[in-house]
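Each remark here refers to the structure printed beneath this line.
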Amino acid sequence: MARVDLSKLLPAERPPLWTGVVAAIGAVALTTGLIYPLREIVPAVSTGVVYLLAVLLVATWFGLWVGLGSAVASALAFNWFHIPPTGRFTVADAQNWVALLVFLLAAAIASTLAELARARAREAELRRREADLAAELARLLLGGSDLRAALPLAAERLADALDLEGVAIELEEAGTDARPAAAAASPAPADAGDDDPLAIPLRSGDGRRIAMLRLTSPPREPTRSRLCERVVPGLEAIVGVALEREAIAHDAVETRALRRSDEIKTALLRAVSHDLRSPLTAIAAAGEALGSPNLTDGEREELAAAVGSEADRLARLVDKLLDLSRLQGGQADPRREWCSVDEVLRVAIAETPHAAGFNVGIDPGLPLVRADAVQLERAFANLLENAVRYGGDHPVAVRARAVGHRLLIRIVDRGPGIPGRELKRVFEPFYRGRERSGTNDGGQVGSGLGLAVVHGFVEANGGRVWAESRPGQGTSFVVELPVDGEPSPGRSEPVGGAPLTAARAPGARGRA
């Protein structure tokens, strides 16, 4: 059987008394007019039941006292029109006295029951609204990651639900203030304490004050009782849970940051102890040997070249450390301008020495991209250096082409390849997953910085980079850059006929 929600049939607020009196008189008059023609064929006791229905409806809609008044009026009408002798307020038969008294008692009981049902329905509706309010506050304060941004929304929702002029929720910490949620309301004084009638403290389970609920005007009863006895305890629990969750999340972030910092420090120490010490040791040894008077001119030139080579190696390592530091510190914002990937690749190739050279294949007419040309050049240079290091004595292939609204740049070596489990980790700072035997510089592995810098610079310019490899068959690094609204097509002449914008480094060979 369907259940009728009485609260939905009743008005939100009880109507004024005078409307109840008019309604009671009208209900008694209407009932009398309906059953009066039946007085000759229906027993008087049976017609009294119809009056009870009218009393029940009036009491349910307008309350107990109006219902009792309608019960008395119904008893008088019942006596006047239906109990002999009719037309007067006298009762000749004792049985009719009993019927009249029973009717009056039944009407009073009906009024009382109707009022109780009304009160319970209103109480159930209030409970439902309070539960909805608690759920909404929990969603606002616990559903997001920023508690302070949610406080004004929660205060506004609380003010709407309880019909308050203005509400503010202030956490017990400096600088946190959720202002009242009312356009014309002025904020409560900042130094309001527990004795302030416009300030209600919110406490945690251990009695510690965690927040303050401030009002712009004192609420009327029973709103204040509802607020203090029903709403505030739930709000205290929600705010307490939100603060505890925020503290746990903050601790977790700090813990992860500290762990990551420790990992970087450890890796940096390894890099300093090996990658920085190796060229410094070579430079120191060559410098000491240069002081020998027994060296020939050729030997001196060879040692000087070694010093220059190791100094370049040291400079590249320092540049990578600085690039990575800027990326991790959020200080590597790109200066995005229209640039030609063709020319940027040429500069990177020219600055990367490789005895076996480069096999370059760049489609003519590549569109321009909005990117930081310096950052892209550093990214490409690091990819080329990585390919040269592990590509053996084979040329490094460089390909670039447009596919839809994106550019794909592919740098391929024919080295030992990368195991599948390491493909995603190669872009992590200081990660070195390859074997020393696969290198092309005397067995020295890289610093683990270059690919991390590549990843950071490419993503900073709106692109993606990933590695494709099969062990024993080389590795292909793919850079994808978006092409959006480029003003004019890129270079249209063949790659081999375009001049470089930077001088070619010694030893750099290829079809560029």
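Which residues, counting only those in the stretch 66-87, are modelled with pLDDT of 75 or more and out of contact with any helix residue (DSSP H, G or I) (no Cβ under 7 Å at 6 or more places or on another chain)?
Val72, Leu76, Trp80
Just checking: which of the helices (runs of 4 or more DSSP H) contained wholly in the stretch 274-354 hold 3 or more residues that are in contact with a Gly (Cβ under 8 Å, 6 or more places away or on another chain) and either at pLDDT below 75 or not acidic (Asp, Glu) (or both)?
297-328
Can you tell me which residue is farthest from Val58 (Cα to Cα) among those in the stretch 88-119 that are at pLDDT 70 or above and among the polar types (S, T, N, Q)?
Thr112
Go through Ala135, Ala155 for me and flag whichever is buried (at least 20 other Cβ atoms within 10 Å of the Cβ), over 17 Å from the mean Cα position of the chain (by Cα) and free of Cβ contacts under 8 Å to residues at least 40 places away in the same chain.
After ruling out the rest, the residue left standing is Ala155.
Take Val239 and tell me if it is in contact with a Ser or Thr (Cβ under 9 Å, 6 or more places away or on another chain), among the β-branched types (Val, Ile, Thr) and at pLDDT 70 or above.
Here the answer is yes, as Val239 does meet what is asked.
Looking at the stretch 467-482, I want the residues that are part of a loop (DSSP other than H, G, I, E, B) and have a partner that is crowded, with 21+ Cβ neighbours inside 10 Å and charged (D, E, K, R) with Cβ atoms under 7 Å, at least 6 apart or on another chain. Which pairs are those?
Pairs found: Gly474/Asp413.
Assigned by TED's automatic domain parsing to the domain that holds Glu351, in a helix (DSSP H, G or I) and at pLDDT below 80: does that describe Ser447?
When the stated conditions are applied, Ser447 does not pass them.
The values are calculated or read from the model by the stated rules, or taken from the named source; none is laboratory data. Values in this document were obtained by computation on a predicted structure and should not be read as measured data. Cβ coordinates were reconstructed from backbone atoms using ideal geometry, including for glycine residues, and neighbour counts include every protein chain displayed.
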